[in-house]
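To start, the structure itself, in structure tokens.
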Amino acid sequence: MSTYFITGATGAVGSALVPLLMEAPDTELRLLIRAESDAALADRLAQLFAFWEWPADDPRRQRVRALRGDAAEPRFALDDAQYRALAGELTHIIHCAASVRMNEPLDKARRSAVGSATAILELARAAHARGRLAKVEFVSTVGIAGKRQGLLPERWIDEARAFHNSYEQSKAEAEERVRAAVEQEGLPITVHRPSMVIGDSHSGRIIRFQIFYFICEFLSGRKTHGLYPDFGAVQLDVIPVDCVASAIVASSRDPGSGGRILHLCSGPQSAPALMALRHTVRETFRAHGREVPRAVTLPRGVFALLPRIAALLAPADTRRALSTLPIYLDYLADQQGFDNARYRACLAARGESLPAWQDYLPTVLDAYLDARWSEASSVLRTSSAKRSPEG
């Protein structure tokens, strides 16, 4: 029997992991979920069951137990009895809980990233001392490269570098904690560095829309009245969530994968160029009946002035739309790439390969636009019902 402790099951990666893990009938899961009360915990677990489309009588439900706690707190804010029981029964740990807010104060970002890494390592040591620990999967990000230019290798990064934001810096600091545990203590940890995670390559589904989808709104031109910076040859490395989840699950079942770093990403040979991505986004928006303005490309320096100009002249909705541009522009300006030779070798060993972005991106965008259209229609129906006189 394998018993997995998983943080971040309510997030994009964690929610995609669970159905794959449950394909093995001898696997049980302990999901750490943040909730204000036991009733709220039960409600959040029910929402996950609904997302996984597990009916009330699905036997898989019986192999999943939710623990109310916080990944960033010491011992996950579990009581002593819960913590001892967890350390004594688990065989695997998958840590994918993370705050992906880019502009948090550094101390708050550190509490999330470094605090949770510290708690995970403490639990791993406790399970290892009991002789039960088989593997730890630690989900990091290719963002630990910061502003380092060139190809990021699948290894620990020693060189000093600047960061775009507190999220990147705190994740890099968390990796240093993990590195010490691997090199000095020999804990069986694999570090996974995904790039920008998007919807499932087959269905387009994802539990929540994150930064990629906001970038797509920007690339549609609808928020900038068709104005774009010159993207040049810059690429945006994206990876479907099912690819990330299957790689983590496979690693957890491979005792020889400890100590590795895997870049779960498309890599420079397969990542879409921003100009090609812009074209696909605009065409898909049009196909869904969304009007997109005529595209006008500006020099990057001129485009970077738009938020300042908008602050003086534009209406409030336009100012809000443009206020986040500096964050995106910082990301979209770098000539970075992420070596994923080791990840590709793992795929090849399993007889798999990365899907081409041209094959899955329209499906991902379709799912997003269908969901957004459904949400908008629901809001309109609700507003109309509130305005309607009672019969």
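GNM remark for the chain: springs join alpha carbons under 10 Å apart, and the peak mean-square fluctuation among ILE206, ILE309, ILE189 falls on ILE309. Taking all Cα pairs closer than 8 Å and separated by 6 or more residues, the relative contact order of the chain comes to 17 percent. Rounded to the nearest 20 debye, the dipole size of segment 1-77 about its Cα centre is 180 debye, using +1 on the Cβ of Lys and Arg and -1 on the Cβ of Asp and Glu.
Please give the Cα centre distance for segment 169-210 versus segment 68-95, rounded to the nearest Å. Here the two parts' Cα centres lie 19 Å apart. Whole-Hz Karplus values for segment 341-356 come out as 4, 5, 4, 5, 5, 5, 4, 4, 5, 9, x, 10, 8, 6, x, 6 Hz, taken residue by residue from phi with 6.51 cos²θ - 1.76 cosθ + 1.60 and θ = phi - 60°; glycine and proline positions read x. Highest average first, the peptides 149-158, 174-183 ordered by how many other beta carbon atoms sit within 10 Å of their residues are 174-183, 149-158. Relative contact order for segment 151-282: 35 percent, from Cα pairs under 8 Å spaced at least 6 residues apart, divided by residue count. Between helix 211-220 and the chain, what is the angle of the helix's C-alpha long axis to the longest principal axis, kept within 0 to 90° and rounded to the nearest 10? Between helix and principal axis, roughly 20 degrees. Between the beta carbons of ALA46 and ALA349, assuming R0 = 45 Å, the FRET efficiency works out to 0.75 to the nearest 0.05.
Karplus-derived 3J(HN,Hα) values for segment 47-54, using 6.51 cos²θ - 1.76 cosθ + 1.60 with θ = phi - 60°, are 5, 5, 4, 5, 4, 7, 6, 9 Hz; glycine and proline are entered as x. Semi-axes of the equivalent ellipsoid of segment 202-248 are 26, 14, 7 Å, computed as sqrt(5λ) over the eigenvalues of the C-alpha gyration tensor in descending order. Relative to the longest principal axis of the Cα atoms of the chain, the long axis of helix 274-287 lies at roughly 80 degrees. Comparing mean-square fluctuations of ALA56, ALA304, ALA276 from a GNM of the chain with C-alpha springs under 10 Å, the top value falls on ALA56. Once the mean of 1/r is taken over each pair of separate Cα atoms and inverted, segment 1-116 shows a Kirkwood hydrodynamic radius of 14.9 Å. The calculated FRET efficiency for ARG290 paired with GLN269, based on their beta-carbon distance and R0 = 41 Å, is about 0.85. Packing here is the average count of other Cβ atoms within 10 Å per residue, and on that basis the peptides 254-265, 39-50, highest first, run 254-265, 39-50.
If I compute solvent accessible area with a 1.4 Å probe over the protein chains, what percent of it on the chain is carbon and sulfur? Using a 1.4 Å probe with all protein chains present, the chain comes out at 52 percent carbon and sulfur. Residues whose amide H falls under 5 Å from that of LEU264, counting only those 5 or more places apart or on a different chain, are ARG193, SER195, with hydrogens built in the peptide plane. Computed from backbone phi with θ = phi - 60° and the Karplus coefficients 6.51, -1.76 and 1.60, the 3J(HN,Hα) list for segment 102-117 is 7, 10, 6, x, 4, 5, 6, 5, 5, 4, 5, 7, 6, x, 5, 4 Hz; x is used for glycine and proline.
The values are calculated or read from the model by the stated rules, or taken from the named source; none is laboratory data. Since we're looking at a predicted model, the values are computed, not measured. Using ideal geometry, Cβ is built from the backbone for each residue, glycine included, and neighbour counts are taken over all protein chains shown. These area figures cover heavy atoms from the full protein model, side chains too; ligands, DNA and RNA do not enter into them. Shrake-Rupley method; radii C 1.70, N 1.55, O 1.52, S 1.80 Å.
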